[in-house]
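Report on one structure; see the data block that follows.
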Amino acid sequence: MHLNIADTFNKELPADPNRNNTRRQVHDACFSYVIPRKPSKPQLVHVSEEMLKAIGLSHEYKSTEHFLQLFSGADILEGMDPYATCYGGHQFGHWAGQLGDGRAINLAEVVNDNQRWALQLKGAGETPYSRSADGLAVLRSSIREHLCSEAMYHLGVPTTRSLSLVLTGDQVLRDILYDGNAAYEKGAVVCRVAPSFLRFGNFQIFATRKDLKNLRLLVDYTIRHFFPGLKEGTKDGYIQLFKEVTDRTCKMVVHWQRVGFVHGVMNTDNMSMLGLTIDYGPYGWLEGYDDNWTPNTTDKDQRRYRFANQPGIALWNLAQLGSALNLIIDDIAPLQEILDGFKKDYTEQYMYMMRSKLGLQLAIGSDQELISELVRIIQLTETDMTIFFRNLSTYKKDGDTQDDIDPLRPIRDAFYSPEELTKEVLQEWQGWIGTYLQRLQKEQSSDVERRIRMKAVNPKYVLRNYMAQMAIEKADLGDYSLIDELYQLLKNPYKEQSQHEVWFAKRPEWARNKVGCSMLSCSS
Ligand code: AMP
Ligand code: MG
C-alpha cells in the first residue's frame with residue numbers, strides 16, 4: 001500500500017498550538033491537530049472503486065485490515081498529522097460564529113496522477129469544533145452521503161467524492177425529528193475526498209475577527225494551490241479569486257436545477273470555495289417538480305433553501321464571501337460588479353440548460369416563455385421531474401398518429417395522480433405541447449439526434465429519496481447489497497439499463513410522507 005502523502009494545509013498555514021482535544025474558540029489558526037477516535041469494532045460496508053484508484057490504491061487493498069483501520073479512524077499512517085479546520089458561517093441567514101470541522105477530521109492530502117486529494121473522515125469523533133455535539137455520524141446519513149456524492153459526480157455535477165463507508169461498531173444517540181424521541185443508531189464513518197474542503201466560512205471567520213493576517217495567508221494559500229493562474233499577494237488576484245468562486249458556484253447551482261437536487265442547508269459553511277457540492281445532509285431530489293419543495297424539516301416554515309431559491313441563496317452567500325474578502329481588497333465596486341454578473345450569467349446558463357433539457361439548440365427569444373410556461377404548468381399537478389424530461393425526448397416533431405389521439409401519451413407516466421388532470425389542466429398541457437412541437441420544427445436536427453442529446457442531459461436514474469431510504473433500511477438489518485446495487489446503477493445515470501428499469505419509477509405512495517424520504521432533519 002502506498003499513499004503519496006503531500007500535505008499543504010497543515011504545513012503552510014498556522015496551526016493551533018494547543019493539541020488537546022477540548023472544545024474551544026480557536027484564534028490565530030486555520031486548524032487544530034486532532035487524532036481520530038478509535039472505533040470499537042470497525043466493519044467495511046462499501047468502497048468506491050473509482051476513488052480507490054484515484055488516490056492511488058489497488059483494488060486488493062480495500063479488503064485488507066490495514067484499509068479498514070485507516071479509513072475507520074482506528075489507525076493513522078506514519079507521516080499523517082490529522083487536523084480539523086476552523087471556520088464560521090451564516091446559518092439560515094444569521095451569523096453563527098465559530099463552527100469548524102466538528103466531526104470531520106482531515107487525515108492527509110495525497111497526490112496521485114498529478115491530482116491533489118484531501119482525505120477526510122466524517123464521523124470519526126470530536127474535535128475542538130464539536131461544540132455541543134458528539135463528533136459522530138450514523139449509518140443512515142453516511143449511506144446518503146456516500147451514495148449521493150458518487151451519484152452526483154456521475155451526473156456531471158461538481159461535488160466532493162466519497163471513498164469508503166465503514167461501520168464503527170459503536171452506538172450513536174440521535175433524535176431524528178428533534179421531538180424528544182432519541183434512539184440509538186449504528187455509528188459510521190465516511191471518507192470524503194476532494195481537492196480541498198475549503199468553505200466560504202473558512203474566510204469569514206477571520207474577517208469577522210478582523211484577523212487580516214490570517215485571512216491573507218489563507219487566500220494566498222488558496223490561490224497558490226487551487227487557482228494557480230491567479231497572482232497571490234495582489235488585489236487583482238483576490239478580485240479574480242472572487243470571480244472564479246462566483247463562476248463555479250453559478251455553474252454548480254445550474255447543475256442542481258438541471259437534475260432536481262435540493263441541497264437543503266445552503267449555509268455559508270456548506271459552500272465550497274471550489275464550487276463543489278459539499279455536506280450532504282438533509283438534501284433531497286425533486287420527485288414531483290415543485291419550486292417550493294425543501295427536504296429539510298428544520299426549514300419547512302421559512303423554506304429559505306427551497307428548490308427555486310437555490311440560485312438566490314448562492315448569490316447571498318457569495319455576497320457574504322465578498323464582504324469577507326473585501327477586508328483585504330478594500331474596493332467594493334469590482335466585487336459588486338462580479339455579484340451583478342452572477343445574475344446575468346445565471347439567467348443565461350439557466351436558459352441554455354433548460355433549452356438543452358428540451359432538446360433545443362437554437363436560441364430563440366420566445367423560448368423564455370416556453371420555459372416559464374412549462375415550469376408553471378408542470379406544477380399544476382404532481383408531475384415527476386425525472387420521468388417527465390426523460391420521456392419528453394420521445395415526442396416526434398412532425399407529430400405521431402398515436403399522439404394525435406392522446407397528445408400527452410409520451411409524458412403520461414410522469415403524472416402521479418391521473419385524476420388531477422382535469423379538463424383545464426389537460427388544456428394547458430395540450431397548448432404547451434402544441435407550442436413545443438411547433439418550436440421543434442425550427443430545429444435542424446432529426447428526432448433521433450435530438451433524443452440522443454436530450455438523454456445526455458436528462459438523467460434516467462437519480463438517487464430518489466426513497467431509494468436511499470430502502471438501502472438504509474436494508475443496511476440497518478446487515479444487508480448491504482442495495483448500497484452496491486444503487487452505487488453501480490448511478491454510475492451510468494443517463495444510460496438505459498434494462499435490468500434496472502424498476503428504478504425508473506415514480507416515488508411509491510409509502511414514501512410520500514415518510515421520515516427519511518420527504519422529511520429529513522439535520523440530525524445525522
Ligand atoms: P452542518 O449543518 O451539518 O453542515 O453542520 C454545521 C456545523 O455543526 C459544522 O460545524 C459541523 O461540523 C457541526 N456538526 C454537525 N453535526 C455534528 C456532530 N454530530 N458532532 C459535532 N459537530 C457537528
Ligand atoms: Mg457543514
Computed for the chain: size of charge dipole around the Cα centre, +1 on C-beta of each Lys and Arg, -1 on C-beta of each Asp and Glu, debye to nearest 20, value 480 debye
When the charge dipole of the chain is computed with +1 at the Cβ of Lys and Arg and -1 at the Cβ of Asp and Glu, the Cα pointing farthest to the positive end, of Gly341, Gly89, Ser63, is that of Gly89
If one compares the long axis through the Cα atoms of helix 423-441 with the longest principal axis of the Cα atoms of the chain, the angle in degrees, nearest 10, works out at 90 degrees
Counting only residues 5 or more apart in sequence or on a different chain, those whose built amide H sits under 5 Å from that of His90 are Ala96, Thr268, Asp269
So the angle from the long Cα axis of helix 367-377 to the longest Cα principal axis of the chain, reported in degrees to the nearest 10, equals 90 degrees
Counting only residues 5 or more apart in sequence or on a different chain, those whose built amide H sits under 5 Å from that of Gly281 are none
Stretched fully, the stretch from Gln379 through Asp400 gains (0.36 nm per residue minus C-alpha distance, one decimal, in nm) 5.0 nm
Carbon and sulfur atoms account, in whole percent of the 1.4 Å probe accessible area of the range 9-200, for 50 percent
Excluding ligands, DNA and RNA, the carbon-plus-sulfur percentage of the accessible area of the range 357-457 with a 1.4 Å probe reads 51 percent
Charge dipole of the range 173-318 built from unit charges on the beta carbon (Lys, Arg +1; Asp, Glu -1), centred at mean Cα; most positive-end Cα among Val219, Gly264, Ile205 is Val219
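Placing +1 at every Lys and Arg Cβ and -1 at every Asp and Glu Cβ, with all other atoms neutral, what dipole size does the range 9-200 have around its Cα centre, in debye to the nearest 20?
On the way: 20 positive and 21 negative charges, 66 e Å.
With only Lys, Arg, Asp and Glu charged at Cβ, the dipole is about 320 debye.
Give the range of the longest stretch in the chain that excludes all GluC sites (Glu not before Pro) found in loop regions by DSSP and having at most 13 other beta-carbon atoms within 10 Å. Please list the in-between numbers first.
Numbers: sites that count: Glu78, Glu496.
So the longest stretch without any such site is 79-495.
Could you provide, to the nearest whole Å², the per residue accessible area of the range 357-457 with probe 1.4 Å?
Details: 4910 Å² over 101 residues.
So the range 357-457 comes to 49 Å² accessible per residue, rounded to a whole number.
Report the extension gain between Met351 and Arg116 in nm, rounded to one decimal, defined as 0.36 nm multiplied by the number of residues separating them, less their alpha carbon distance.
On the way: separation 235, 0.36 × 235 = 84.60 nm, distance 3.38 nm.
In short, 81.2 nm is gained.
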Expressed in angstrom and rounded, the centroid-to-centroid distance over alpha carbons for the range 415-459 and the range 228-263 is 33 Å
Links exceeding 20 Å between C-alpha atoms in this model, out of Lys122/Lys506; Lys251/Lys396; Lys357/Lys397; Lys357/Lys455; Lys122/Lys474, come to Lys122/Lys506; Lys251/Lys396; Lys122/Lys474
Ser132 and Asp476 label points (each 7 Å along its Cα→Cβ direction) are spaced in nm at 2.6 nm
Extend 7 Å from the Cα of Ala183 along its Cα-to-C-beta direction; within the range 142-167, residues with backbone N under 19 Å of that point are 142-144
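By DSSP, what percent of the beta bridges with both residues in the range 1-157 are antiparallel, rounded to the nearest 5? Walk me through the numbers on the way to the answer.
Details: 17 of 18 bridges.
Here the share of antiparallel DSSP bridges comes out near 95 percent.
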Filtered hits (lysines, Cα-Cα < 20 Å from Lys213, offset >= 8 within chain) -> Lys11, Lys231, Lys235
Helix 235-259: inclination vs the chain longest Cα principal axis, degrees, rounded to 10, gives 50 degrees
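How large is the helix-only mean residue ellipticity at 222 nm for the chain, computed as the sum of -39500 (n - 2.57) over DSSP H runs with n ≥ 4, divided by its residue count, in deg cm²/dmol to the nearest 500?
Details: 16 runs with 204 residues, N = 524.
Value at 222 nm, helices only, nearest 500: -12500 deg cm²/dmol.
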The farthest towards the positive end of the charge dipole of the range 357-457, of the residues Leu408, Tyr395, Val375, given +1 on Cβ of Lys and Arg and -1 on Cβ of Asp and Glu, is Tyr395
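As an exercise, identify the chymotrypsin sites (Phe, Trp or Tyr not before Pro) in the range 94-159 lying in DSSP coil whose Cβ has no more than 12 other Cβ atoms within 10 Å. Can you show the working numbers first?
Values: sites: Trp95, Trp117, Tyr129, Tyr153; in loops: Tyr129.
The qualifying sites: there are none.
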Per residue convex hull volume, Cα only, the chain, in Å³ is 154 Å³
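Given the Cα-Cα distance of Lys53 and His2 and 0.36 nm per residue of separation, how much length would full extension add, in nm?
Numbers: separation 51, 0.36 × 51 = 18.36 nm, distance 1.16 nm.
Stretched fully, the Lys53-His2 segment lengthens by 17.2 nm.
Mean separation of Cα pairs under 8 Å and 6+ residues apart, divided by the residue count of the chain: what relative contact order is that in percent? Walk me through the numbers before you get to the answer.
Values: 994 pairs, mean separation 75.3, N = 524.
14 percent.
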Note on the range 203-292: contact order normalised by length, alpha-carbon pairs under 8 Å, 6 or more apart, percent, works out to 19 percent
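The values are calculated or read from the model by the stated rules, or taken from the named source; none is laboratory data. The shown structure was predicted, so the numbers you read here are calculated from the model rather than taken from an experiment. Positions of Cβ are generated from backbone atoms using ideal geometry, with glycine treated the same way; all protein chains shown enter the neighbour counts. All accessible areas refer to the heavy atoms of the entire protein, side chains included, with ligands and DNA or RNA removed. Shrake-Rupley method; radii C 1.70, N 1.55, O 1.52, S 1.80 Å.
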